[in-house]
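All remarks here apply to the structure that follows.
The values are calculated or read from the model by the stated rules, or taken from the named source; none is laboratory data. What you see is a predicted model; the values in this text were computed from it and never measured. Neighbour counts are summed over all protein chains in view; Cβ atoms, including those assigned to glycine, are modelled from backbone coordinates with ideal geometry. Each accessible area value is taken on the protein alone, full model and side chains, heavy atoms only, with ligands, DNA and RNA left out. Shrake-Rupley method; radii C 1.70, N 1.55, O 1.52, S 1.80 Å.
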Amino acid sequence: VKGEEWYHRLFRFGDQSTEWEDVFHEPMSGSGTPVASALIVPDGPDLYLFEGNPRTEVLRLWMSDDRGYTWSENIGVSTLRRHFPRDTHLAPVDGAWVLAYSAHTAFEPIDHDATANTEIFWQRSDDLGQTWTTEDRMLEDSAPSIQPSMTLDSDGTLHIVWADMASGAFELFHAASADGGQNFSTPLPLTFDSVGSWEPSIAADGERLYVVWSEFDALDSATIQIAALDGDTLSEQRPLSTPGRVAPPTRLTALGDRTSWATPPESDLQRPWTPGPTV
């Protein structure tokens with residue numbers, strides 16, 4: 001229903017609990033449509049819940065100091081200057097936060113130019129999201145850049161991967177920051193597939209970095225791939241889903257001394273989605 005209010009919902013399972021507990025229930029900002037996305041960011045002993053809303057261009061923030069059982073009131077509202085920021089990804093690094101997102105390069109509303117270029121921007125906050133630096137741009141070209149993902153390696157270097165259409169098809173790019181997200185290295189391509197690769201996720205497992213993404217075999221067929229990231233080169237690449245079918249991407253997550261991931265549901269477009277195996 002147009003104008004209906006939408007909510008962020010957070011459920012917790014763990015410790016002595018045997019059921020999922022509803023621990024967070026908050027209306028989205030300007031939620032006439034469900035366009036806002038929420039991220040949980042661990043920073044030391046605390047958890048932060050971060051909302052990015054591309055329609056209102058507003059960032060909101062909540063904090064939990066008891067492992068997610070209770071959450072504070074909204075502790076910060078700030079506004080992104082770029083129009084329609086989306087694909088937000090936030091990483092804590094060196095006592096600061098680095099926010100990366102895709103947004104239109106023009107400041108005018110998207111309705112004025114539906115084909116306006118999108119690029120990857122990043123900003124840094126040294127006060128838990130209360131204020132942010134002016135945005136910086138990863139690439140200066142006329143091709144769309146979307147879907148950033150970030151992780152911090154064991155040496156304290158921040159890595160970012162995203163999809164860029166500079167070659168005529170979406171391919172993965174990588175850049176790194178050794179100074180806590182103040183500057184990034186020159187972006188370099190990771191994939192060179194003629195059909196396209198996009199929707200990447202990156203995670204650090206000890207000293208190693210891994211990237212998972214969706215790689216098109218044909219216009220109606222995509223396979224989830226995973227590979228190690230060595231410098232600016234992908235190695236040990238292998239598929240996680242069945243080739244010749246369609247699978248949406250999964251999020252790669254590091255857990256302690258190992259990296260875990262799961263293949264998402266997949267389909268041949270003729271039958272319902274079926275669960276894939278867990279790896």
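Restricting attention to segment 165-208, the residues that are in contact (Cβ under 8 Å) with a residue 24 or more places away in the chain, in contact with a Ser or Thr (Cβ under 7 Å, 6 or more places away or on another chain) and of a type in the set (A, V, I, L, M, F, W, C) add up to 9. Scanning segment 167-179 for residues that are open to solvent by 60 Å² or more (accessible area, probe 1.4 Å) and over 30 Å from Ser154 (Cβ atoms) yields one hit, Ser167.
Here is a list of conditions, (1) part of a loop (DSSP other than H, G, I, E, B); (2) modelled with pLDDT under 85, and Ala143 meets all of them except one; can you say which number that is? Here Ala143 clears every test but (2).
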